[in-house]
Amino acid sequence: MSILVGESTRLIVQGITGREGLFHAMGCRDYGTDVVGGVTPGKGGSTVEGFAVWNSVERARRESGCNATLIFVPPPFAADAIMEAADAGVELIVCITEGIPVQDMVRVKAFLRGRGSRLLGPNCPGLITPDQAKVGIMPGHIHEAGNVGVISRSGTLTYEAVWQLTNEGLGQTTCVGIGGDPVNGTSFIDVLELFAGDESTEAVVLIGEIGGTAEEEAAAWIGEHLDVPVVGFIAGATAPPGRRMGHAGAIVAGGKGTAAEKKAALAAAGVLVVDSPAEMGARVSEALGR
Amino acid sequence: MKIHEFQAKGILRRFGAAVPQGQVIDDPAQAKQICEDFGGRCVVKAQIHAGGRGKGGGVKVASNPGEAERLADEILGMQLVTHQTGPEGQQVRQVLIEEALEIDQELYLGVTLDRAAERPLLMASRSGGMDIEEVAQSDPGAILRELIDPLLGVLPFQSRRIASGLGFEGGTARQIQSIVASVVRTYLETDASLVEINPLMVDSKGDVYALDAKMNFDDNALFRQRDVVELRDVHEENPLEVEASEHGISYIKLDGSIGCMVNGAGLAMATMDIIKLYGAEPANFLDVGGSASQEAVASAFRIILSDPAVEAVLINIFGGIARTDRIARGVVAAIDELAADGTPVGVPVVVRLEGTNVEEGRDVLERADFDFLVADGMASAAESAVEALKNRVAGS
């Protein structure tokens, strides 16, 4: 079992004729994902590396029956790409693009209300259900199918957690990167709800970072609703206040959004919080009695 | 991106907000005439990006033109220390000479992003001149809040609600409604991340002015805000951070002595955290980018080592799509390049590589001319960096 992506995923890539888009379209296909083609306005009707290219998402969806899209469109045009995919009714929209203006995302969120699409990201590595579908830029081979769900605001730190799990002999149901921007499509709680409804997920690793209150909200939800063990890590305990730590959303502002507050909220909700990022995998093993 | 007060006021004026008359100067001799033009009294305000200028002695009232010149001379060139500058302070290069107005009331007005609501949030309060975060802590009920629809902007009834909530009616209320609309339009149309008027002042005649103004902008939107980009003042930024941004590297200088080079922002923060857990302090945050190319690694080395406080370097790379052996070759080539340039790396370098082709990667490091300390996990890397630091400090 898994969440969001699996064997029934039919993926297109928006921005497929760009360097990044094509590279990762091939990476997803090589992993075994059913990549049915891609979209680049103005290049419709051609093929690239065996992928069909359409001019619009609407056309791509009509002709390919795609149910997921992976977006590599540059920041000035990425918001439009997301809204185009939502308008075409694509069920899952995963936006990798980093550097989208915050106000574009505020408008995108307003546009998505009442539409049936789910947006993951932007500024995220995507998601993967090991051995079934990779919809993102993560290295597939570090993953193994299993029973631990992973949710994170980070990219390489997620790979670190997955690598630790795999080395502990713990495979993953699905690993989801929700992205490092202040306004994003899918929250920790959205993903936790899905993991709660997935019988094969026996434990969850939640990786947060400084800035905002998403971890505190997740903590409250976990306390009320989640029965499986959750191991948590919050990056940025040593970050100075008022400085953006790489990710647009990773900033302690007005004394709010500190790692200490987030860790305390998670611990109070029963989450097994680790202070060392090197102990995420081992702590899951321990919690599962392995 | 941050800008100066006088620049923020210029933008607000363009959007129809009333601001005091003023002129920015870098030569104290100009102060006298300007003060005379303003009727013989004026305020001299240091222009630096940091807050807390008044308390630090950077804002003074002159009661005659001669005093204006003397105060401008005193403030220009000073190292202004505030709670936001750090102990070394920030040099004042420009002062704003402004007409002195009769203050009757000081209010607060600001717009920023409400991350939880995912919309702009307008805040107003009768406690002007104070830190809004302190007001939010001590008396949260004193802050009026209006969430702004990003597609519609602030609606007239919302501006009316703010004006009446602040306790005004008649002409003053109408002026407040107007400045509320200006502030929200400024926020939306300039891709600001913060527009703050603190204080928003009401004078004895009931007229409303933006007495101080602060604006920050969304770096991601600068590509479409050319006018804003021109307001950038690199003197206000750390030179190493400016250089890093030119190489596409995200670097933030900190106070410790272990320089960090990491790919990915989350892993970079986690690396800083684990250094602290093992008893040392990170010298910086540095994200070399996901691919950690040879050029990025070489630039990152130069930037880390230009910080004289750095006594050891910890490289933590999770090679995902980029193969680890290729990254290792990049690291070795960067070290060779620095040696060839006459700036060899003279501090211990701990490298932790993980991911694709990691065995070959470690081989490359072990065969190199440089004596890397190779670690095989985050914990042992941090431990080894802290130990190398202690040995070095003990040995020197």
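Every number in this text was worked out from the coordinates using simple rules, so none of it is lab data. Everything numeric in this text was worked out from a predicted model, so none of it was measured. Please note: Cβ atoms are built from the backbone with ideal geometry, for glycine as well, and neighbour counts cover all protein chains shown.
About its Cα centre, segment A:16-121 has a charge dipole of approximately 260 debye under the convention of +1 per Lys or Arg Cβ and -1 per Asp or Glu Cβ, with nothing else charged.
Please label the shape of chain B as rounded, prolate or oblate, based on the square roots a ≥ b ≥ c of the eigenvalues of the alpha-carbon gyration tensor (a/c under 1.5 means rounded; beyond that, a/b larger than b/c means prolate, else oblate). It comes out prolate by the Cα gyration axes.
Provide B:138, B:193, A:276 in ascending order of the number of other Cβ atoms located within 10 Å of each residue's Cβ, fewest first.
B:138, A:276, B:193
Assuming charge only on the beta carbon of Lys and Arg (+1) and of Asp and Glu (-1), the dipole of chain A about its Cα centre is about 840 debye to the nearest 20.
Placing dummy labels 7 Å off each Cα toward the beta-carbon, the span from residue B:394 to residue A:290 is 3.9 nm. Within the shell defined by Cβ-Cβ distances under 13 Å, the residues around residue B:216 carry a net charge of -1, with Lys and Arg each +1 and Asp and Glu each -1.
Between residue A:200 and residue A:268, the FRET efficiency estimated from the beta carbon spacing at R0 = 30 angstrom works out to 0.60. Measuring from each cysteine beta-carbon in chain B, the ones with no other cysteine beta-carbon under 4.7 angstrom are B:260.
Can you sort B:338, A:170, B:314 by how many other beta carbons sit within 10 Å, fewest first? Before the final figure, lay out the partial values.
Numbers: B:338 18, A:170 22, B:314 32.
Listing B:338, A:170, B:314 from fewest to most nearby Cβ atoms yields B:338, A:170, B:314.
With a sphere of radius 12 Å drawn around the Cβ of residue A:191, what net charge do the other residues whose Cβ falls strictly inside it have (Lys, Arg +1; Asp, Glu -1)? Intermediate values should be presented prior to the final figure.
On the way: positive: A:118, A:153; negative: A:190, A:193, A:198.
Net charge in that neighbourhood comes out at -1.
The slack in the chain from residue B:27 to residue B:246, taken as 0.36 nm per residue of separation less the alpha-carbon distance, amounts to 75.7 nm. Of the cross-linked pairs A:109/B:9; B:2/B:45; B:60/B:253; A:109/A:262; B:2/B:253; B:9/B:205, those separated by over 28 Å at the C-alpha level are A:109/B:9; B:60/B:253. Seen against the Cα atoms of chain B and their longest principal axis, helix B:358-367 is set at about 70 degrees. Computed over chain A with a Gaussian network model linking Cα atoms closer than 10 Å, the most mobile of A:65, A:155, A:177 is A:65. How far is helix B:65-75 tilted, in degrees, relative to the longest principal axis of the Cα atoms in chain B, given as a value from 0 to 90 rounded to the nearest 10? Taking Cα atoms only, the helix is inclined about 10 degrees. Averaging the Cα positions of each part gives two centres, and for segment A:130-201 and segment A:50-121 these lie 21 Å apart. Per-residue shielding of B:377-387, expressed as the average number of other chain Cβ atoms within 10 Å of the residue Cβ, stands at 2. Ordering A:261-267, B:230-236 by mean Cβ neighbour count within 10 Å, with the highest value first, yields A:261-267, B:230-236.
Among the trypsin sites (Lys or Arg not before Pro) in segment B:336-384, none is located in a DSSP loop while being surrounded by at most 14 other Cβ atoms within 10 Å of its own Cβ. One decimal place: the segment residue B:227-residue B:147 gains 26.1 nm when fully extended, by the rule 0.36 nm per residue minus the C-alpha distance. Label sites at residue B:18 and residue A:217, each approximated as a point 7 angstrom past Cα along Cα to Cβ, lie 3.9 nm apart.
Using C-alpha pairs under 8 Å with a sequence gap of at least 6, the mean separation divided by the residue count of chain A gives a relative contact order of 14 percent.
Between residue B:339 and residue B:203, what is the FRET efficiency for a Förster distance of 60 Å, r being their Cβ-Cβ separation, to the nearest 0.05? According to the calculation, E is roughly 0.35. Extension gain for residue B:37 to residue B:138 (0.36 nm times residue separation, less C-alpha to C-alpha distance): 32.2 nm.
Quick check: the angle from helix B:324-340's long axis to the longest principal axis of chain B, C-alpha only, nearest 10 degrees? Tilt of helix B:324-340: around 80 degrees.
Of the residues B:239, B:293, B:164, the one whose Cα sits farthest toward the positive end of the charge dipole of chain B, with +1 on the Cβ of Lys and Arg and -1 on the Cβ of Asp and Glu, is B:164. Taking the number of Cβ atoms within 10 Å of each Cβ as an exposure proxy, the fewest-first ranking of B:27, B:114 is B:27, B:114. Neighbours of residue B:70 by Cβ distance under 11 Å: Lys/Arg scored +1, Asp/Glu scored -1, total -2. Between B:254, B:188, B:80, the GNM of chain B built on Cα springs shorter than 10 angstrom shows B:254 fluctuating the most.
With each label modelled as a point 7 angstrom along the Cα→C-beta vector, the residue B:126-residue B:102 pair spans 2.2 nm.
Which trypsin sites (Lys or Arg not before Pro) in segment B:97-205 sit in a loop by DSSP (not H, G, I, E or B) and have at most 14 other Cβ atoms within 10 Å of their own Cβ?
On the way: sites: B:115, B:126, B:145, B:160, B:161, B:174, B:185, B:205; in loops: B:115, B:126, B:205.
For trypsin sites (Lys or Arg not before Pro) across segment B:97-205 that sit outside H, G, I, E and B with at most 14 neighbouring Cβ atoms in 10 Å, the list reads B:205.
Shielding of peptide B:110-118 by partners, expressed as the average count of other chain Cβ atoms within 10 Å per residue Cβ, is 5.
Which whole-number percent is the relative contact order of chain B (Cα, under 8 Å, 6+ apart)?
Over chain B, the number comes to 12 percent.
Give a quick list of GluC sites (Glu not before Pro) in segment B:59-140 that DSSP marks as loop, anything other than H, G, I, E or B, with at most 12 other Cβ atoms within 10 Å.
Working: sites: B:67, B:69, B:74, B:88, B:98, B:99, B:102, B:106, B:118, B:133, B:134; in loops: B:88, B:102, B:118.
Hits after loop and neighbour filter: B:88, B:102.
Charges were assigned to the Cβ only: +1 to each Lys and Arg, -1 to each Asp and Glu. The resulting dipole of segment A:158-262 about its Cα centre is roughly 640 debye.
Taking every residue in A:94-104, how many Cβ atoms of other protein chains lie within 10 Å of its Cβ, on average? Before the final figure, lay out each step's value.
Working: counts 0, 0, 0, 0, 3, 4, 3, 11, 11, 13, 6.
Going residue by residue through A:94-104 and averaging, the value is 5.
Secondary-structure-derived ellipticity at 222 nm for chain B, considering helices only, amounts to -11500 deg cm²/dmol, per-run term -39500 (n - 2.57) for DSSP H runs with n ≥ 4.
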